[in-house]
1. Taking the stretch 78-114, which GluC sites (Glu not before Pro) meet the DSSP loop condition and have no more than 15 other C-beta atoms within 10 Å?
2. How many percent of the accessible area of the stretch 68-138 is carbon or sulfur, using a 1.4 Å probe?
3. Which entries in the list 8/130; 82/130; 100/130; 8/100; 8/135; 8/128 go over 22 Å, if you measure between the two C-alpha atoms of each?
4. Of 123, 24, 11, 19, which has the most accessible area and how do the rest follow, probe 1.4 Å?
5. For residue 122, tell me the accessible area in Å² from a 1.4 Å probe, rounded to the nearest 10.
6. Just to confirm, what accessible area per residue do you get for the stretch 97-138 at 1.4 Å probe, in whole Å²?
7. Once ligands and nucleic acids are excluded and a 1.4 Å probe is used, how much of residue 38 is accessible, expressed in Å² to the nearest 10?
Amino acid sequence: MWQKNNGKSETEILQNQFTAYLATAVQRRRNDYLQQLDRRRQIESLTEDFLFMPECGVEQDMLLGLPVLMQLEDSALLCALKELSERERYIFLARALDGKGFEVLAEETGLGYKGVSAVYYRTVQKIKRKIEVMKNEF
């Protein structure tokens with residue numbers, strides 16, 4: 001039976017710390033990516049006419065194409081994120097980066113509230129196991 005994580009047991013505290021680490025690492029890399037993209041656009045604006053350029057969806061590119069993840073320094077985290085399915089990666093990043101609730105994600109993905117929360121928590125566990133395996137190999 002599933003019970004709510006109230007942060008009182010040792011495993012729940014560890015899980016909360018790990019989830020915070022993942023969210024912080026991905027958020028920092030996202031911010032760096034957006035700053036690099038902004039600098040690149042400022043340089044390109046001097047040489048190109050933006051009237052004829054289509055709108056760029058940075059958020060969509062980030063979630064679909066993994067440009068942010070490709071530049072992460074932590075190779076274990078990068079490997080773990082690459083091995084996720086597109087749905088798992090979207091749910092994890094939308095929850096961790098954008099802070100979207102399970103209700104909103106359920107509407108976007110067509111899953112139920114419990115389905116989205118299950119995918120999210122299983123994804124966190126997959127990432128955790130993959131990082132532990134990678135760390136033990138070195």
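The values are calculated or read from the model by the stated rules, or taken from the named source; none is laboratory data. Bear in mind the structure is a predicted one, so any value in this text is a computation, not a measurement. Cβ sites come from the backbone with ideal geometry, for glycine too, and all protein chains shown count toward neighbours. The area values use the complete protein model at the heavy-atom level, side chains included, leaving out ligands, DNA and RNA. Shrake-Rupley method; radii C 1.70, N 1.55, O 1.52, S 1.80 Å.
1. Answer by residue number: 83.
2. Exposed carbon and sulfur together represent 49 percent of the surface.
3. 8/130; 100/130; 8/100; 8/135
4. 11, 24, 19, 123
5. That residue has around 130 Å² of solvent-accessible surface.
6. I get 63 Å² per residue for the stretch 97-138.
7. Residue 38 exposes around 80 Å² with every protein chain in place.
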